[in-house]
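Worksheet: one structure, shown below.
Please treat every number below as a calculation from the coordinates, not as lab data. All figures in this text were calculated on a predicted structure; none of them were measured in a lab. Please note: Cβ atoms are built from the backbone with ideal geometry, for glycine as well, and neighbour counts cover all protein chains shown.
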Amino acid sequence: MTDEPWLKLGQLQPNMQSINTMVIILEPGQIRRTNTGTILVMRVADSTGSINLTLINPEFNETWRSGDILRIKSAYANLYQGGLTLTCGRNSECIKAGEFFMAFIETPFISEQAWPNAAEKPRPSFAEGDGNDRRPSMHSQNRKPPGPPNAPGHRPGNFNAGRGRYTNAQ
């Protein structure tokens, strides 16, 4: 068992990791097959609201129904179409822990709430002394665009894009 605290759905924020929670299934959803695997999206709730739960490549030992209580470990919260979604990936655990006996509310539906500026990812700063060594390359700043093949100073040969260097044409 992990040492991470158990969170309520109302405490979730975009990009949170290692989420442990207990929820009740409101709508079990349908299995969808995609190019990358299988996805099951269901609506779940706890005492603070409801949210869409996405299970990626679920392994079904039994059929889940409305009223089933799930114990979720190591999930993460992400934005999908502007709404917050709780996701169980391959490193997550989602286990049926009981049936029917759990206090919950259906509203607010957290997956329908708008998250302003959440789609914008923070950009790295290049300020002095911030410890960020990812600065633009000097070569990319001082490189001249290539000229026509018969221009003065042009090196004969073919540019091998895969290796980033010229080879002599013989």
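Brief remarks follow.
- Legend: calculated FRET efficiency, W6 to T63, from the Cβ-Cβ distance at R0 = 35 Å, rounded to 0.05, equals 0.85.
- The relative contact order of the range 9-106 comes to 33 percent, based on Cα pairs under 8 Å that sit 6 or more residues apart.
- Ranked by the mean number of other Cβ atoms within 10 Å of their residues, highest first, the peptides 43-55, 15-27 fall in the order 43-55, 15-27.
- Residues in the range 30-74 reached by a label modelled at E112 [backbone nitrogen below 14 Å; 7 Å Cα→Cβ]: 43-44, 49-52
- Phi to ³J(HN,Hα) by Karplus 6.51 cos²θ - 1.76 cosθ + 1.60 over the range 32-49, Hz, x for Gly, Pro: 10, 9, 10, 5, 9, x, 10, 10, 10, 10, 9, 9, 10, 8, 9, 6, 10, x
- Charged side chains reduced to their Cβ positions (Lys and Arg at +1, Asp and Glu at -1) give the range 9-106 a dipole of some 260 debye around its Cα centre.
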